[in-house]
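Novice: This is the structure, below, for whatever I ask next.
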Amino acid sequence: MSPARSGRSATTAGLVPCLVLGLILVAAGCASAQHPRHPSKQSVRALAAEYMAIARPANHRLDAAVDAYEDHAHDNLAAAEAALRFQAATERRFDRQLAAIKFPPAIGATASALIRVNEIRARLTERQARARSIPALLALADDHKMADAQVEAQVRVIRAQLGLPPPETS
């Protein structure tokens, strides 16, 4: 039966299935949550340890890649590009590992935000790695620094949520 024949407007008829689908999706999301809204201190400590188990090695790899980039950015385009590609690969690996951690909703929202800004940074890093000259490579350095700042802001938030101290360096 069409919406006009049932006495409902087309807008209302289309809205009901959307609301039902939305409620189903919300219920499925709530049912699939494995952590309570307010996790215990013990579970937060376990999540913090899991986070640090992926963050420490990623930070070490990123530090090495940033150092290599800075060593070569002004005089060796190929080496600087290789360092940037390694950075992007490290960022994406971290994102995959972070996405695999089952966080409670509030921390999960921050983790998702961190992954989103880190993905933006990885795309920018790859764009910078495709530069055809040193001046073109360096022209994207300020954009890269802004992307770094966005990632670092999310890192500070998730670390605070996990009861961890802020990062040593930014």
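Novice: So which residues in segment 120-133 are out of contact with any helix residue (DSSP H, G or I) (no Cβ under 6 Å at 6 or more places or on another chain) and among the charged types (D, E, K, R)?
Specialist: Passing the criteria: Arg123, Arg127, Arg130, Arg132.
Novice: While we're here: Given the criteria buried (at least 19 other Cβ atoms within 10 Å of the Cβ), modelled with pLDDT of 95 or more and closer than 18 Å to Arg127 by Cβ, does Ala111 qualify?
Specialist: Values: buried (at least 19 other Cβ atoms within 10 Å of the Cβ): yes; modelled with pLDDT of 95 or more: yes; closer than 18 Å to Arg127 by Cβ: no.
Answer is no for this residue.
Novice: If you go through segment 134-170, how many residues are touching a helix residue (DSSP H, G or I) at 6+ places or on another chain (Cβ under 7 Å) and in contact (Cβ under 8 Å) with a residue 12 or more places away in the chain?
Specialist: Selection size over segment 134-170: 19.
Novice: Return only the number of the condition from (1) in contact with a His (Cβ under 8 Å, 6 or more places away or on another chain); (2) closer than 28 Å to Lys41 by Cβ; (3) open to solvent by 10 Å² or more (accessible area, probe 1.4 Å) that Leu138 does not satisfy.
Specialist: Condition (2) is where Leu138 drops out.
Novice: Taking interchain pairs and intrachain pairs at least six residues apart, which have beta carbon atoms under 7 angstrom, with the first residue in segment 39-63 and within 17 Å of Arg96 (Cα to Cα) and the second among the small types (Gly, Ala, Ser) and open to solvent by less than 80 Å² (accessible area, probe 1.4 Å)?
Specialist: Taking only residues 6 or more apart or on different chains, the pairs are Ala48/Gly163.
Novice: Here's something else I'd like to know. Out of the residues in segment 53-78 that are open to solvent by 70 Å² or more (accessible area, probe 1.4 Å) and assigned to a helix (DSSP H, G or I), state the one that is farthest from Ala131 (Cα to Cα).
Specialist: Initial filter on segment 53-78 (open to solvent by 70 Å² or more (accessible area, probe 1.4 Å)): 56, 59-60, 63, 67, 70-71, 74-75.
Narrowing the set further to residues that are assigned to a helix (DSSP H, G or I) leaves 56, 59-60, 63, 67, 70-71.
On the way: Arg56: 29, Asn59: 25, His60: 25, Asp63: 21, Asp67: 19, Glu70: 15, Asp71: 17 Å.
In this case the residue turns out to be Arg56.
Novice: Can you pull out every residue in segment 114-126 that is of a type outside the set (Val, Ile, Thr) and open to solvent by 30 Å² or more (accessible area, probe 1.4 Å)? Before the answer, list the steps.
Specialist: Here is the first cut: in segment 114-126, the ones of a type outside the set (Val, Ile, Thr) are 114, 116, 118-119, 121-124, 126.
Arg116, Glu119, Arg123, Glu126 - these are the residues of segment 114-126 that are of a type outside the set (Val, Ile, Thr) and open to solvent by 30 Å² or more (accessible area, probe 1.4 Å).
Novice: Moving on to the next point. With the requirement that a residue be within 17 Å of Ala122 (Cβ to Cβ) and of a type in the set (Gly, Ala, Ser), what does segment 50-67 give you?
Specialist: Selection gives Ala55, Ala58, Ala64, Ala65.
Novice: What helices (runs of 4 or more DSSP H) lie completely within segment 89-170 and have 3 or more residues being not aliphatic (A, V, I, L, M)? Talk me through it step by step, then tell me what you get.
Specialist: Details: elements: 105-129, 134-139, 141-161.
Where helices (runs of 4 or more DSSP H) fall fully within segment 89-170 and carry at least 3 residues being not aliphatic (A, V, I, L, M), they are 105-129, 141-161.
Novice: So Ala129 clears everything in (1) within 20 Å of Ala46 (Cβ to Cβ); (2) of a type outside the set (Ser, Thr, Tyr); (3) surrounded by 14 or more Cβ atoms within 10 Å (Cβ to Cβ) except one condition, right? Which one?
Specialist: So the condition that Ala129 fails would be (1).
Novice: Which one of Glu81, Glu168 is over 15 Å from the mean Cα position of the chain (by Cα) and open to solvent by 60 Å² or more (accessible area, probe 1.4 Å)? I'd like the intermediate steps shown before the answer.
Specialist: Numbers: Glu81 fails: open to solvent by 60 Å² or more (accessible area, probe 1.4 Å).
Being over 15 Å from the mean Cα position of the chain (by Cα) and open to solvent by 60 Å² or more (accessible area, probe 1.4 Å) holds for just one of Glu81, Glu168, which is Glu168.
Novice: Right, here's the next one. Does segment 84-108 hold any residues that are over 14 Å from the mean Cα position of the chain (by Cα) and either open to solvent by 50 Å² or more (accessible area, probe 1.4 Å) or more than 17 Å from Arg159 (Cα to Cα) (or both), and which are they?
Specialist: First, the residues of segment 84-108 that are over 14 Å from the mean Cα position of the chain (by Cα): 84-87, 102, 104-106.
Leu84, Arg85, Phe86, Gln87, Lys102, Pro105, Ala106, listed by residue number.
The values are calculated or read from the model by the stated rules, or taken from the named source; none is laboratory data. It should be emphasised that the depicted structure is a prediction, and the values quoted were computed from it without experimental measurement. No Cβ is skipped: glycine too gets one built from the backbone with ideal geometry, and neighbour counts run over all protein chains shown. Each accessible area value is taken on the protein alone, full model and side chains, heavy atoms only, with ligands, DNA and RNA left out. Shrake-Rupley method; radii C 1.70, N 1.55, O 1.52, S 1.80 Å.
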